[in-house]
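The structure appears right after this line, and notes come after that.
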Amino acid sequence: MRANIETILARRESNTIADLALLILMTVLALAVHGFHYDIEDEAIYLPAIKKSLDPSLYPFDSAFFLSQTKFTIFPVLIAFLTRVIPLSLHSVVFITHLFSLFLVLAACRRLSRQCLADANAQWAAVAMVAAVLTLPVAGTALYVIDQHLHPRPLATAVILWSLSKSLERHYYRAGLGLLIALLIHPLMGAFGVAFAAFLLCESGKQLLVFCLVPLLLAALPFALEAPLRWLILFAPLCLLIFLAQRQLFSASLHVELPGVMRKNRWLEAFEWIRQNTPWDAMFALNPYYLESPGLDHHGFRALAERSMLADRGKDRTVTTLAPAIAETWLEQVKARDGWRDFRSEDFQRLKKGFGVIWVVIENRGAVNPPAGLACPYQNEVVSVCEITCPPLTTVACCPRAITTINFERNSYAEF
């Protein structure tokens, strides 16, 4: 009897190690297919919040445009804490956390699939299908299943899936604790998780869960055999298509932006020069549509340059829905740059006088010399970083600096 128990335990340990190895392999393959990018899209909001937590002196004039969103989650504080205790760069910590998030999501999918599907091959087919379509846009939204960058959604998703499996096992206290953690990481995702977990308490909800796990799995079931070639026929073209789509979307960047690897992107080189060579409290202005610029690949200015800037029409606009008090300031800053591509000296002076803008980042557009009224200490083939100079025949005190600091907590504004 004792020998039988030891055999069963040894077999379970062997299966656990094999499952862990396969999950790690799927995580690495998922990274290779979908890529990883640093400071793109929503990371342009979360990374400045993380850096602000690490160094409160950063972003003295525009922090409301990201803190208004990130103040509802523990995510920036958590990543900042990890950066303090782990002797690695922030880029490295973000990359490792992103990779760990992918692993947790796939591990949670594996756990949930075992409760919904009896056949082991079908269970792994479900996990493999999720891994293959992580950057497939969710129908009717602008969201991916999992982003190509670190985001609180994957962590919250992993915890929600784990909570759902606990709910199906009738471990309601553990499920509730998991959902509470998900709410702290990403309140909106956590709320969806709570609603879905409540729905699963109904028998029809459990049946729906099985149905939701298998829309694409139906095509995979004929391949859920021991023949590896059949798996390859299904997943290889799917992964290749998604890989090519990601390369087209981020054509000017490395597919996997590893820490410590130089990123040969002219925009990012300019942002790095700004970080190293301009005053920490400098105020910048860019094209309000700069995130859509060719070659930028949706990388954000604030996190990479570590400088304040006038609001943009992309990410900053979405934050105003959470903080209506800053909507008027956002609109004023954006409208002040209407006709940006045709700006002349007097337009830049207006930004300097009205908003305290000292520096601008402009696209070269084939011009050999910078526009009048600008001194550009940094230029490359794509962009120039320029300081707004005083007009001729003016005093040293020309264009007084009037910067608006937004206090989103008190819904008030202070002039400095």
**Request:** With the condition kept exactly as written, say whether any residue in region 297-307 is assigned to a helix (DSSP H, G or I), surrounded by fewer than 19 Cβ atoms within 10 Å (Cβ to Cβ) and basic (Lys, Arg).
**Result:** no
**Request:** Scan region 99-128 and report the pairs whose first residue is assigned to a helix (DSSP H, G or I) and whose second residue is buried (at least 19 other Cβ atoms within 10 Å of the Cβ) and of a type in the set (Lys, Arg), with Cβ atoms within less than 9 Å and a gap of 6+ or a chain change.
**Result:** Ser101/Arg153; Gln123/Arg110; Trp124/Arg110; Ala126/Arg110; Val127/Arg110
**Prompt:** Only one of these conditions is not met by Tyr378: (1) within 21 Å of Ile274 (Cα to Cα); (2) aromatic (Phe, Trp, Tyr); (3) part of a helix (DSSP H, G or I). Which number is it?
**Reply:** (3)
**Asked** What number of residues within region 116-144 are closer than 21 Å to Leu22 by Cα and either surrounded by 17 or more Cβ atoms within 10 Å (Cβ to Cβ) or at pLDDT 90 or above (or both)?
**Response** 16
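Can you spot a residue in region 295-316 that is without any contact (Cβ under 8 Å) to a residue 24 or more places away in the chain and assigned by TED's automatic domain parsing to the domain that holds Ala375?
So in region 295-316, the residues without any contact (Cβ under 8 Å) to a residue 24 or more places away in the chain come out as none.
For region 295-316, residues without any contact (Cβ under 8 Å) to a residue 24 or more places away in the chain and assigned by TED's automatic domain parsing to the domain that holds Ala375: absent.
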**Request:** Take Leu249 and decide whether it is surrounded by fewer than 14 Cβ atoms within 10 Å (Cβ to Cβ), within 21 Å of Leu134 (Cα to Cα) and out of contact with any Lys or Arg (no Cβ under 7 Å at 6 or more places or on another chain).
**Result:** no
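Filter region 240-277 for residues that are of a type in the set (Gly, Ala, Ser) and in a loop (DSSP other than H, G, I, E, B); which is farthest from Glu41 (Cα to Cα)?
Of the residues in region 240-277, the ones of a type in the set (Gly, Ala, Ser) are 245, 251-253, 260, 270.
Those still in the list that are in a loop (DSSP other than H, G, I, E, B) too: 251-253, 260.
Numbers: Ser251: 15, Ala252: 15, Ser253: 14, Gly260: 21 Å.
Restricting to residues being of a type in the set (Gly, Ala, Ser) and in a loop (DSSP other than H, G, I, E, B), the top hit is Gly260.
The values are calculated or read from the model by the stated rules, or taken from the named source; none is laboratory data. All of these numbers come straight from a predicted model, not from anything done at the bench. Every residue, glycine as well, gets a Cβ built from its backbone with ideal geometry; the counts of neighbours run over all protein chains shown.
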